[in-house]
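The values are calculated or read from the model by the stated rules, or taken from the named source; none is laboratory data. Just so it is clear, the structure is predicted and the values come from calculations on it, not from any experiment. Heads up, the Cβs are rebuilt from the backbone with ideal geometry, glycines too, and the neighbour counts pull from every protein chain shown. With ligands, DNA and RNA removed, areas are computed over all heavy atoms of the protein, side chains included. Shrake-Rupley method; radii C 1.70, N 1.55, O 1.52, S 1.80 Å.
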Amino acid sequence: MKNGHTPVFLLAALGLFPALGTAQPAVDTSQWKCENCPYPKGATGAIEAGIGSVSEDSTTFGSYTGLDQKGAFAVLGGNVSYRGDGYWADLRAADLGLDTRGVLARVGREGLYSLRIGYAELPRFATDGAASPFLGIGSNDLTLPAGFPAATTAGMPLASTLQSVELGTQRKRFEVGGSFVGMANWVYRVSMRHDVREGTLAGSASHFATAAQLAFPVDQTTDQFELSASYVSARLQATLGYSLSQFRNGPTSLAWDNPFSPVAGADRGRLALAPDNSFQQVFGSAGYQLTPTIRASADFAIGRMTQDDAYLPSTINAALTGLPALPASSLDGRVSTYAGTVRLSAAPLAGLRVHASWSHDERDNRTVVAAYPQVATDMFPATQLRSNTPFSFVLDRFKVGADYRGPGSWKFAGGLDHERRERSYAEVVDTRETSLWARASVQALENLALSGKLSASERDHSSYGVATWFGAPENPLLRKFNLAARTRHSGGVRGDLTVSEQVSVGLSADFANDDYDKSLIGLKEARSSSFGADLAVNLSESTQITAYAHGERVRSRQDGSLAYGAPDWSGRVEDRFEMVGLGVRHAAIPDKLDIGADLSVSRSRSDVAVRTGVGEPAFPTQKVSLDSVRLFATYRLNEKMSVTGSLWHEEYGAQDWRLDGVAADTLPNLLTFGQQAPSYRVNVIRVALRYQF
């Protein structure tokens with residue numbers, strides 16, 4: 001409540017009430033709020049500790065939540081802040097009892113410096129129910145037990161050798177940084193970050209007509225460093241900095257036993273893993289207020305990427321002899337990057353602002369081109385050498401636009417964007433795309449706001465050629481969707497209606513259409529449309545309700561050719577998504593008990609059909625459903641102590657014809673993990689005591 005001053009209060013402040021001889025009622029000042037008082041000094045914060053429980057094991061549910069295992073877990077977190085004599089400090093901790101834990105500490109002095117240090121973890125699980133006969137999961141050398149190899153999966157002793165495999169990674173991040181305010185408007189910043197990623201990820205490898213799914217080891221570190229200096233004055237703001245990123249991968253390769261009967265002596269295989277690499281960059285930006293109505297700004301970044309890991313031998317198959325030597329011991333990969341943008345904005349008239357920009361982005365691959373021997377799946381040496389392809393590109397973007405505040409409540413915006421991209425070693429030398437867009441909004445009625453947007457773009461290209469450096473030649477009629485000529489139209493409308501002081505409603509609709517009319521083979525068209533509604537209701541000061549609903553439909557069609565010529569088959573994909581949600585907040589006992597609930601329901605389905613003219617059936621429909629309900633409450637025992645509790649129920653189900661019913665030995669020439677589409681029903685209960693000080 002904001003306190004206003006009246007003559008009576010002034011008299012009271014001057015101590016004149018006794019002279020007036022008038023009795024005045026007592027004034028309740030407990031709810032007064034001083035909006036200009038200084039910040040509180042000393043330490044404040046809250047600590048939360050309790051216990052929670054998960055009803056079922058589910059790595060799918062536990063991905064990014066840390067709640068993958070059945071049983072109890074600790075609820076522990078909180079925050080502490082200190083303010084005093086210009087010094088400040090903050091400490092925040094969350095989910096300390098889970099694998100999603102995080103801690104961040106910051107200290108500093110107002111206007112002089114600040115320091116921060118943090119740590120965080122994040123789990124990501126890839127599958128539920130994966131199994132494999134390979135030994136040494138997690139290492140870079142996978143072997144097989146007795147009974148292997150076999151001609152087909154039916155002949156393998158999978159019943160006695162399959163063992164559960166956990167596929168997923170755990171990421172740990174350490175970071176430290178700070179800023180220092182120097183003399184004459186200068187600010188200096190430095191930050192360092194160390195990321196560690198460990199675990200296993202699903203992959204696959206083949207030997208000619210047979211293949212197996214493998215657990216690829218992950219033991220990666222990424223170190224990042226950034227240093228910058230900024231200058232800020234009334235008219236000029238500028239920054240200059242340097243950044244370094246280094247990626248290191250522990251295992252350099254993965255070797256595995258061939259579970260199928262070897263051909264041409266290929267009883268083992270080996271694949272290279274992600275190589276070590278580094279990236280350095282010098283960057284800067286500047287903005288200058290030329291006049292009170294004209295501002296110019298620019299930014300740039302010059303970088304260099306390098307990769308020089310040692311090559312593996314052409315094959316691990318000792319039976320293959322007489323292969324040409326590798327042309328070098330390593331790639332010595334070098335890529336230079338350049339990026340820059342220049343912007344100019346002006347307000348020549350009241351209510352009108354115009355702006356223009358030019359951006360230049362370049363990737364110059366300077367890796368030396370060399371000829372390498374080829375060995376297909378450690379079995380078949382190729383008669384011809386194959387050269388690496390140093391892809392490069394140059395991208396220029398030009399944009400002009402304006403914003404205008406029209407009569408009444410009208411607001412308009414529009415512009416033109418033009419993009420030109422030149423590529424090396426691509427089917428087209430350059431592509432050009434021009435886009436027009438416009439937006440408008442108006443307060444149509446006192447309680448009704450409307451807005452809309454439209455855009456149209458056209459992309460064309462230089463002569464379309466045929467790539468010959470990828471190995472097998474491509475159909476000359478093929479047009480890749482990112483290179484092909486395309487016409488795109490999109491738009492949307494939204495309305496917001498305030499029904500009363502307690503009720504407001506919003507409705508929206510969006511569409512986008514892509515046409516590839518000049519493509520004979522490849523993507524032909526893509527369509528999307530979506531509709532949404534949201535509702536907010538304040539039943540009283542104690543009860544608020546929010547709700548939303550959203551639906552989206554995405555369709556695409558592509559044509560192909562089995563005869564390496566004109567189109568003779570087509571494929572269609574249609575995806576649908578529906579989501580609804582409801583949220584309730586209620587002060588059951590004012591200033592004592594707060595309760596609430598969040599409900600969300602989502603459904604998605606994907607239909608794929610391939611038509612060749614012989615009446616073949618469509619693929620089975622893929623479906624995903626997710627239902628989530630959260631109930632929560634806070635009960636205040638006193639001014640400093642409260643009890644919090646929550647119940648989270650979530651159900652997930654999926655139908656995926658690519659996984660369902662496919663066991664490890666279902667396909668005779670493919671040894672799979674045998675995992676099925678994920679499904680779970682999990683309850684999570686939390687109860688904690690929260691102390692504020």
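Label segment 78-124 by shape, choosing from rounded, prolate and oblate, from the square roots a ≥ b ≥ c of the eigenvalues of the Cα gyration tensor; if a/c is under 1.5 it is rounded, and otherwise prolate applies when a/b is larger than b/c, oblate when it is not.
Working: a/c = 6.72, a/b = 2.40, b/c = 2.80.
The shape class here is oblate.
With every protein chain kept in place and ligands, DNA and RNA left out, what is the accessible area per residue of the chain? Probe 1.4 Å, answer in Å².
Per residue, the chain has an accessible area of 57 Å².
Treating only the Cβ atoms of Lys and Arg (+1) and Asp and Glu (-1) as charged, compute the dipole magnitude of segment 416-564 about its Cα centre; round to the nearest 20 debye. Can you show the working numbers first?
Details: 18 positive and 21 negative charges, 114 e Å.
It comes to approximately 540 debye.
Among 583, 597, 614, pick out the residue whose Cα is farthest towards the positive end of the charge dipole of segment 570-615, where Lys and Arg carry +1 and Asp and Glu carry -1 on C-beta, about the Cα centre.
614
Tell me, in nm to one decimal, what length is gained between residue 311 and residue 482 on full extension, where the rule is 0.36 nm per residue of separation less the Cα-Cα distance? Spell out each step's value before the answer.
Values: separation 171, 0.36 × 171 = 61.56 nm, distance 3.19 nm.
Taking residue 311 through residue 482 to full extension adds about 58.4 nm, to one decimal.
Between segment 481-500 and segment 275-305, what is the C-alpha centre distance in whole Å?
31
Which of these values of Cα extents along the principal axes in Å was calculated from the structure shown: [x] 94, 66, 41; [y] 82, 67, 60; [z] 116, 64, 61?
Looking at Cα extents along the principal axes in Å for this model, the match is [z].
Could you work out how far apart the two model spin labels at residue 208 and residue 397 are, taking each label as a point 7 Å from the Cα in the direction of the beta carbon, and quote it in nm?
Result for the modelled spin labels: 5.0 nm.
With charges only on Cβ, +1 for K and R and -1 for D and E, what is the dipole size of segment 278-404 about its Cα centre, in debye, rounded to 20? Walk me through the intermediate numbers first.
On the way: 10 positive and 10 negative charges, 90 e Å.
Dipole magnitude for segment 278-404 comes out near 440 debye.
What residue among 145, 89, 180 has its Cα farthest toward the positive end of the dipole of segment 71-193, where the charges are +1 on Lys, Arg and -1 on Asp, Glu, each on the Cβ?
So the residue we want is 180.
In segment 81-213, carbon and sulfur make up what percent of the accessible area (probe 1.4 Å)? Each step should come with its number before you reach the end.
Numbers: 4030 of 7050 Å².
Carbon and sulfur together cover 57 percent of it.
If the cut-off is 16 Å between C-alpha atoms, which lysines fall inside it for residue 592, apart from same-chain ones fewer than 8 positions away?
Filter leaves 640.
Kirkwood Rh, Cα Rg: Rg to Rh for segment 123-277? Mind showing how you got there, number by number?
Numbers: Rg = 23.9 Å, Rh = 19.1 Å.
My calculation puts Rg/Rh at 1.25.
Quantify, in whole percent, the carbon and sulfur part of the accessible surface of segment 472-611 (1.4 Å probe; protein heavy atoms only).
Working: 4650 of 7830 Å².
Answer for segment 472-611: carbon and sulfur cover 59 percent of the accessible area.
Could you tell me which of rounded, prolate or oblate describes segment 502-638, using a ≥ b ≥ c as the square roots of the eigenvalues of the alpha-carbon gyration tensor, with rounded for a/c under 1.5 and, failing that, prolate when a/b is larger than b/c and oblate otherwise? Show your work: numbers first, answer last.
Values: a/c = 5.43, a/b = 2.96, b/c = 1.84.
Verdict is prolate for segment 502-638.
Under 1.5 on a/c is rounded, so check that first for segment 50-202, then, if it is not, pick prolate when a/b is larger than b/c and oblate when it is not; a ≥ b ≥ c are the square roots of the alpha carbon gyration tensor eigenvalues. Intermediate results must be reported in sequence, preceding the final value.
Details: a/c = 5.73, a/b = 2.31, b/c = 2.48.
In terms of gyration-tensor shape, oblate.
Using Cα positions and a limit of under 27 Å, work out the lysines in reach of residue 70, with same-chain residues fewer than 8 apart set aside.
Residue 70 reaches 172, 623.
Sorted by mean Cβ packing within 10 Å, highest first, what order do the peptides 250-258, 45-53 take?
On the way: 250-258: 18.0, 45-53: 16.2.
Highest mean packing first, the order is 250-258, 45-53.
For the chain, with only Lys/Arg (+1) and Asp/Glu (-1) charged at the beta-carbon, what is the dipole magnitude about the Cα centre, in debye rounded to 20?
On the way: 66 positive and 71 negative charges, 343 e Å.
Computed charge dipole of the chain: roughly 1640 debye.
What does the accessible area of residue 306 come to, in Å² to the nearest 10, when a probe of 1.4 Å is used?
So the heavy atoms of residue 306 present about 50 Å² to solvent.
Lysines within cross-link reach of residue 399: Cα-Cα under 22 Å, excluding same-chain residues under 8 positions apart?
Straight-line reach from residue 399, under 22 Å: 411, 453.
Give the residue from 556, 255, 79 lying farthest towards the positive end of the charge dipole for the chain; charges sit on Cβ (+1 for Lys and Arg, -1 for Asp and Glu) and the dipole is referred to the Cα centre.
The residue sitting farthest along the positive end of the dipole is 79.
Between segment 399-433 and segment 70-105, how far is it from one alpha carbon centroid to the other, in angstrom?
45
Need the full-extension length gain, residue 135 to residue 362, defined as separation in residues times 0.36 nm minus the C-alpha distance. One decimal, nm.
Length difference between fully extended and current span is 77.1 nm.
For residue 173 and residue 43, what is the calculated FRET efficiency with R₀ set at 25 Å and r taken between the beta-carbons, to the nearest 0.05?
0.35
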